Amino acid sequence: MSRVSMFSSPLLLGFDQLERTLERLAKNAEGYPPYNIERIGEDGLRITLAVAGFSSDDLVIELVENQLTVRGKQADDPTRVYLHRGIAARQFQRAFMLADGIEVTGARLDNGLLSIDLVRPQAEPRIRNIRIDSGQPVEAGNTIDITARRTGSR
């Protein structure tokens, strides 16, 4: 039985990358560590992860393409002898897909909370006019000249 994509509509051209991104995020749905995402001001966002027991040396924040990944791994201290170990020291990886243009402005660890600040710059609207050629139909493999213009220029 074949799987029907929610992006299979002929009106949604070029969204196959978005579909792959959504599938990858669904696989990353583990609940540890818990996190909040909040709006900060007009253009800012903040991701806050609860990482109690982790130091800044135990955490790595990495941005590859548009994927922000936070990894945590605590090193075992061989000098400690636990009679009961109820606080898990497990490693984790949490990934967030960022929209184009979102920038990471900083991160800080305070009282077991890792906060990552993001900014979303205001997008400048673009208007594009597409030249219409007359005459011979475009053959497969040939390119079409598309000119982009900003509003008000000619």
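The values are calculated or read from the model by the stated rules, or taken from the named source; none is laboratory data. What you see is a predicted model; the values in this text were computed from it and never measured. A quick note on method: Cβ atoms are made from the backbone with ideal geometry, for glycine too, and the neighbour counts reach across all protein chains shown.
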Among the residues of region 92-99, is there at least one that is at pLDDT 95 or above and touching a helix residue (DSSP H, G or I) at 6+ places or on another chain (Cβ under 6 Å)? no
Which pairs turn up if I take residues in region 36-53 that are in a loop (DSSP other than H, G, I, E, B) and look for partners that are of a type in the set (A, V, I, L, M, F, W, C) with beta carbon separation below 7 Å, at least 6 apart in sequence or on another chain? Asp43/Val119; Val51/Leu59; Val51/Leu114; Gly53/Ile87; Gly53/Ala89
Restricting region 108-131 to residues that are loosely packed, with under 10 Cβ neighbours inside 10 Å and closer than 30 Å to Ala52 by Cα, which is nearest to the chain's Cα centre (by Cα)? Asp110
